[in-house]
Each structure stands twice: as C-alpha cells, then as structure tokens.
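Written below as structure tokens is the structure these notes are about.
The values are calculated or read from the model by the stated rules, or taken from the named source; none is laboratory data. None of the values given here were measured: they were computed from a predicted structure. Reconstructed Cβ throughout: ideal geometry from the backbone, glycine too, with neighbour counts over all protein chains shown. Ligands, DNA and RNA are excluded from the accessible area calculation, which covers all protein heavy atoms including side chains. Shrake-Rupley method; radii C 1.70, N 1.55, O 1.52, S 1.80 Å.
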Amino acid sequence: MTEESVKQRIESGLVGSQVQVLDTKGTGDHFSVVVISDEFEGKSLVQRHQMVYATVSDVLTKEIHALQLKTYSCKEWKQEN
C-alpha cells in the first residue's frame with residue numbers, strides 16, 4: 001500500500017474529510033493517519049476509529065498491519081492548531 005492509496009480510501013469513505021498519512025516504517029504496511037472530519041462531531045473515540053476502519057476494512061490485516069489513528073472534528077482541529 002502507498003500513503004496515497006490509504007488517503008484515497010479514507011477520503012472516499014468519509015466524504016469531505018481531510019487526511020494526512022505517513023508510512024511510519026517505509027514498508028507500505030504500517031501507517032500513522034490523521035483524519036479531520038465534521039462527521040466525527042459528537043462521536044466517541046471508538047466510534048470515530050470504527051468509521052475510519054470501515055474505509056480500509058478490506059485491506060486491514062492483509063496489506064495494512066498497523067494503523068495509528070488520530071481523529072478530529074473540524075472544530076477540534078482548529079482548537080488544537
């Protein structure tokens with residue numbers, strides 16, 4: 001997997017989201033991802049992660065072995081940055 005393919009999968013599943021992906025080991029199977037989406041507003045951390053996992057579920061554990069997630073609503077992202 002490439003950073004771009006992971007990014008495209010998440011953005012396609014969470015329309016209007018902003019996604020940053022980093023291949024943490026350079027091996028195409030360990031990624032750190034930041035996802036910013038208004039769809040996260042009012043959702044718990046577990047619900048947010050489930051939403052992201054759903055976008056990559058067909059490759060999770062097969063092509064992606066590790067997926068570190070940080071999820072923010074747009075409002076939270078603005079407060080943090």
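Just a few scattered comments:
- Restricting segment 3-26 to residues that are open to solvent by 80 Å² or more (accessible area, probe 1.4 Å) and modelled with pLDDT of 95 or more leaves a set whose member that is farthest from residue 68 (Cα to Cα) is 12.
- Within segment 27-45, being open to solvent by less than 70 Å² (accessible area, probe 1.4 Å), at negative phi and not hydroxyl-bearing (Ser, Thr, Tyr) holds for 29, 30, 31, 33, 34, 35, 36, 40.
- Any hit, segment 50-58, residues being assigned to a helix (DSSP H, G or I) and more than 12 Å from the chain's Cα centre (by Cα): no
- Scan of segment 46-71 for residues that are open to solvent by 40 Å² or more (accessible area, probe 1.4 Å) and over 17 Å from residue 12 (Cα atoms), ordered by number: 46, 47, 61, 62, 63, 65, 68, 70
- Look at segment 31-53: where a residue is closer than 12 Å to residue 19 by Cα and in contact (Cβ under 8 Å) with a residue 40 or more places away in the chain and a partner is of a type outside the set (S, T, N, Q) and assigned to a strand (DSSP E or B), sitting 6+ places away or on another chain with Cβ atoms under 7 Å, you get 36/72; 52/35; 52/69.
- Residues in segment 16-30 that are small (Gly, Ala, Ser) and touching a residue at least 12 places away in the same chain (Cβ under 8 Å): 16, 17, 28.
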